[in-house]
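To start, the structure under review is shown below, and the notes come after it.
The values are calculated or read from the model by the stated rules, or taken from the named source; none is laboratory data. Values in this document were obtained by computation on a predicted structure and should not be read as measured data. As a convention, Cβ positions derive from the backbone with ideal geometry for all residues, glycine included, and neighbour counts pool all protein chains shown. We work out accessible area using only protein heavy atoms, side chains counted, and drop any ligands, DNA or RNA first. Shrake-Rupley method; radii C 1.70, N 1.55, O 1.52, S 1.80 Å.
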Amino acid sequence: MNETNRVCDGRPASTPIAEWDWEQSKVEILILEDDPEISRFFQMKLDNPARTIFVAQTMKLATEILDEHDIDLILLDLTLPDADGRSFLRQVRENQRTSTVPIIVISGRRGPVTKTECFELGADEYFEKPVALEMLAAAVGAKIKRAAELARRARYDVLTGLLNRVAFQEVFRRTQALSRRARSALALAILDLDKFKSINDMFGHPLGDRVLIRAAQIITRALRRSDVVGRWGGDEFVVLLPETDCAGAHRALETVRRALSEDSFETAGPALRLSFSAGVVDVTDGATLDDSVAEADRLLYQSKAEKGTRAEDRTSRTQEAKMEN
């Protein structure tokens with residue numbers, strides 16, 4: 001039997017990586033350009049089914065877009081109605097979350113002084129207007145490919161292809177901010193595979209690795225595309241469920257439980273079927289990821305230690321959720 005211990009006050013999809021094709025990977029590009037006609041030409045040239053292109057004419061709007069999206073590349077004009085583009089360049093590089101985003105400056109300002117300053121501030125390329133669109137498209141493609149390769153190594157768990165802790169922290173922060181702004185519910189769950197140590201001990205680590213990979217795939221596919229799945233460590237997975245209250249999180253995990261129970265691994269003995277225990281918490285406005293995970297972990301291990309018992313939640317309501325194999 002597996003159980004989900006839940007805490008709630010009633011208040012985006014991870015996809016495991018197999019064969020990675022950067023050209024088919026979803027990419028978000030920000031064009032910060034005050035001239036609508038030039039922006040339109042850039043959009044037309046860079047248009048691609050795998051690309052989402054955002055256009056901003058002011059530094060203020062560009063900053064808002066950066067806060068709400070995982071921008072993969074920025075095209076930056078230096079002449080803006082509300083700021084000098086170099087101020088935006090400096091801001092992007094000083095922000096830990098965006099410090100490595102490739103930035104291509106496209107400006108009518110000529111001469112070595114401005115170029116040198118932009119490179120010192122962290123620009124990756126500098127094109128003078130008018131820019132040859134074919135050359136710009138080639139530079140954008142090369143930067144996206146390189147950035148995607150580096151991001152994949154830095155953000156994803158090597159074994160399962162799920163988000164690692166660093167990447168999950170970024171998604172948590174952004175999702176929490178969006179939920180706060182929309183005043184919508186947000187839940188977090190920790191899933192721990194039952195008896196995973198026994199699987200490693202009995203069948204060896206190669207099968208254990210296969211189990212983790214398969215579990216990651218099943219968990220991801222059973223949830224919504226807007227739900228975010230990460231590997232927290234060992235046999236623990238962390239799930240962030242936007243616009244979801246405690247009851248909704250429980251229903252989502254029940255779907256995961258059924259999907260896992262319908263799958264099996266062949267062994268020398270009986271077929272091996274997976275189950276899990278979980279702790280679910282409501283993410284409050286001021287809670288950090290570490291706070292939420294610690295509380296979910298506490299409930300998870302409480303459910304393991306108190307099989308069949310009830311646990312009181314923070315709102316003094318007693319709730320129980322069981323997941324059976």
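Average accessible surface for the chain: 49 Å² per residue, computed with a 1.4 Å probe over protein heavy atoms with every protein chain in place.
You can think of it this way: the chain between Arg251 and Glu266 has 2.5 nm of extra reach, that is 0.36 nm per residue less the Cα-Cα gap.
The calculated FRET efficiency for the pair Lys195 and Leu159, based on their C-beta separation and a Förster distance of 22 Å, comes to about 0.70.
Dividing the helix sum by the residues of the chain, where each DSSP H run of 4 or more adds -39500 (n - 2.57), gives a mean residue ellipticity at 222 nm of -14000 deg cm²/dmol. Extension gain, Ala305-Glu149: 0.36 nm per intervening residue step, less the Cα-Cα distance, totals 51.9 nm. For the stretch 103-153, the normalised intensity computed at q = 0.31 Å⁻¹ comes to -1.14 (log10 of I(q)/I(0), Debye sum over alpha carbons, equal scatterers, no solvent). If a paramagnetic tag sat 7 Å from the Cα of Ala142 along the Cα-Cβ line, which residues of the stretch 32-50 would have the backbone N under 11 Å from that point? So the set is empty, nothing qualifies.
In a fully extended conformation the segment linking Ile65 and Lys45 would gain 5.1 nm over its present Cα-Cα distance, using 0.36 nm per residue. Considering only Cα atoms, the convex hull volume of the stretch 62-203 works out to 146 Å³ per residue.
Sorted from greatest to least, the principal axis extents spanned by the alpha carbons of the stretch 168-249 come out as 49, 25, 18 Å. The value for the stretch 129-280 of Rg(Cα) / (2.2 N^0.38 Å) is 1.29. Taken over the stretch 150-206, the convex hull of the Cα atoms encloses 93 Å³ per residue.
In terms of the mean number of neighbouring beta-carbon atoms within 10 Å, the peptides 243-255, 173-185 order highest first as 243-255, 173-185.
State the volume of the convex hull built on the alpha-carbon positions of the stretch 42-125, expressed per residue in Å³ and rounded to an integer. Display every interim value, and only then the final one.
On the way: hull volume 8.3 nm³, N = 84.
So the per-residue hull volume is 98 Å³.
Against the empirical 2.2 N^0.38 Å (N residues), the chain has a Cα radius of gyration ratio of 1.17. Computed over protein heavy atoms with a 1.4 Å probe, the carbon and sulfur contribution to the accessible area of the chain reaches 50%. Given Cα positions, please report Rg to Rh for the stretch 218-259, the hydrodynamic radius being the Kirkwood one. Rg divided by Rh gives 0.94.
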